[in-house]
1. Out of (1) open to solvent by 10 Å² or more (accessible area, probe 1.4 Å); (2) on the phi < 0 side of the Ramachandran plot, the odd one out for Lys136 is which?
2. Within the set of pairs 6+ apart or on separate chains, which have a first residue in the range 535-547 that is assigned to a helix (DSSP H, G or I), a second that is modelled with pLDDT of 70 or more, and C-beta atoms under 8 Å apart?
3. Determine which member of the set Glu228, Glu207, Glu234 is of a type in the set (Asp, Glu) and farther than 30 Å from Phe461 by Cβ.
4. So, Gly320, is that one among the small types (Gly, Ala, Ser) and closer than 22 Å to Leu240 by Cα or not?
5. Which strands (runs of 3 or more DSSP E) does the range 181-277 wholly contain that include 2 or more residues that are buried (at least 20 other Cβ atoms within 10 Å of the Cβ) and modelled with pLDDT of 90 or more?
6. Tell me which of these Thr306 doesn't satisfy, since it passes every other one: (1) assigned to a strand (DSSP E or B); (2) out of contact with any helix residue (DSSP H, G or I) (no Cβ under 6 Å at 6 or more places or on another chain).
7. Touching a strand residue (DSSP E or B) at 6+ places or on another chain (Cβ under 6 Å), surrounded by 13 or more Cβ atoms within 10 Å (Cβ to Cβ) and at pLDDT 90 or above, is that true of Gly369?
8. Which one of these is modelled with pLDDT of 70 or more and closer than 30 Å to Phe368 by Cβ: Leu448, Leu460?
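The values are calculated or read from the model by the stated rules, or taken from the named source; none is laboratory data. Not measured: the values here are computed from a predicted model. Glycine also receives a Cβ, built like all others from the backbone with ideal geometry; neighbour counts cover every protein chain displayed. Note: areas computed on protein heavy atoms with side chains; ligands, DNA, RNA excluded. Shrake-Rupley method; radii C 1.70, N 1.55, O 1.52, S 1.80 Å.
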Amino acid sequence: MEEKKLDLNSIIGFVLISGILIWMLYSNAPTPEELKEKEKKEQLDKQAKEVKTVTSTVAATPVADSTKNAVAQAQLGSFGYSATLPSATDAVTEIKNEVLSLKISNKGGYIVDATVLGFDQFEKNSKKAVQIIKDKNASLDIALNTTDNRTLHTKDMYFEPKLTTEGKNQVLTLQLKAGPDQFLEYRYVLKPNEYMLDFAIRSQGLEKVVNTSKPLDLEWQLKSYRNEKSVSYENRYTELVFEYEDGKDDYLNAAKDSEDEANDVSYIAFKQHLFTSILLTDTKFKTAKFKSDNLVDDEKVDTVFTKNFTAQVPLEFKNGALNYNMNWYYGPAKYEILNDYDRNLDEIMPLGWGIFGWINRYIFIPVFGFISALGIGYGIAIVLFTILVRIVMSPVTYKSYLSQAKMKVLRPEIAELNEKFKDNPMKKQQETMKLYSKAGVNPMAGCLPALMQMPIFYALFQFFPSMFDLRQKSFLWADDLSSYDSIYQLPFHIPFYGSHVSLFPILASIAIFFYMKMTTGDQAMSTPPQEGMPDMGKIMKIMIYISPVMMLFFFNNYASGLSLYYFISNLITIGIMLVIKNYIVKEDKIHAQIQENKTKEKKESKFQKKMREMMEQAEAQKAAQKKK
């Protein structure tokens, strides 16, 4: 009974103590007014923490009293005023539209984050957006030479931001102040659905603060991030491009560290293969210096950055003030988008020079765009595009095979002439030319079709790496037609080949082997060896095996869309050759036609007559020398 009594007393005591504690907590709880006051105090404390003191001789931050103001003044001269403003923090302001997000920092007044919306980086299943600028990989700096003999850098000082709108446009102005009405201003204007934004640099009231007798040096720098699957392939097409002297364009060598300079520069592009940053100016830069440093020495280790670009240009004063109207472009390196701006930006695309670029711009890009717009998928679009190209080129293929067939029919007669005149090369050449003339055969006809196909071949070689639309588009086992189609990852690295196995280059190499076996083999048989010259037949037979191996190594890291094209192209060409050989061109008919041509009188062309006369003169001179 005593034990039960103790338990009951304990329970009663516990309940009483709990009740007292609950009553104390309730009675001491803050009122709503007290909660608001506390929240207000925390907010003020937070704002106070953002106020910083001067931490370096270059970078100035807010100061709270006259002593610190004096320190800022001593270190930054008149621009110490900017260090006293509430805006002197590392805060950023974001302006954003449907396709582009930009963050501009108070410190330096330049873009510290440029994100291209709607596109992901190379990692499989990654949702990381493509960022051209992030983590301080870019800067914009103007060196200010002050009247009190200082050199200050805008990238280290603080601008005062102001965000407004003009219609649907977002306008961000940032002012680096030397006084209430004395400032250097950056003005950004972002329009809806545009990768291109307006950018202006102007000054007001700085005539007594900055030395205006000579230009200011502006430096734009970008350390380009890797955004694609193959760092080596992306780096091959990452380059600095610039336009100068009324429409001329040039670029720095993408394969090595390089420098250059130019006059009257109208735009500078830091191109990152499939994305690009461009600075354009209405007032041309009188001079400009460019530098590109390659950051990929070893693609197994150097996997984050590709190039470090730097451009230095002068900003000239007019009537004691700066006034430059410019533009920035941050977005896809896509021909259609760049070309629509009508500012010669399509030259940034490596489409080839001369006729090669012409073929890409006015034939391949419109045709492929039309096919891909059908909504059939980009892999099928490449197949249809390839079929169309091969059909257009089929007459050339026919001419080439016909010439080889004629030379093959004449081979026994040419061999007889070689044996008959083996001691007289000049006579042998004359008789061979007569045979060709009588038979109506042009020995160069087989070479001309091949030469005609070279512009197409080279244009396509430039076309596929420049096609932004193929980026991250899949087909069969290839998950990205703008990069390699790996089917197996090797546990080791093979020089010039890589550490993966791509299937489309293997299929293309097999197809080109059989194509060359058909064409080069016949050509080797139809081309008789010439005295004193290398045996082209043997060389061609060796090339049958070397070319596919070279293609296998060379294309293993290239865009799978290009390898797919060559695979389908060679398959179609093999089919066309089989049809020509078995159903169109018959050797017995060619032989009969040649024999008929021999019986006909054929008028010599001026060229043939000239060649015959030259040979006869040479033969006569040789005979005269023997008599002496």
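1. (2)
2. Final answer for the pair search is Met543/Met516; Ile544/Phe513; Ile544/Met516; Ile544/Lys517; Tyr545/Phe513; Ser547/Ile512; Ser547/Phe513; Ser547/Met516.
3. Glu207
4. So Gly320 does not fit the description; no.
5. By residue number, 182-190, 196-204, 216-225, 238-244, 258-272.
6. Tallying (1) assigned to a strand (DSSP E or B); (2) out of contact with any helix residue (DSSP H, G or I) (no Cβ under 6 Å at 6 or more places or on another chain), Thr306 fails exactly one: (2).
7. No, not satisfied.
8. The conditions single out Leu460.
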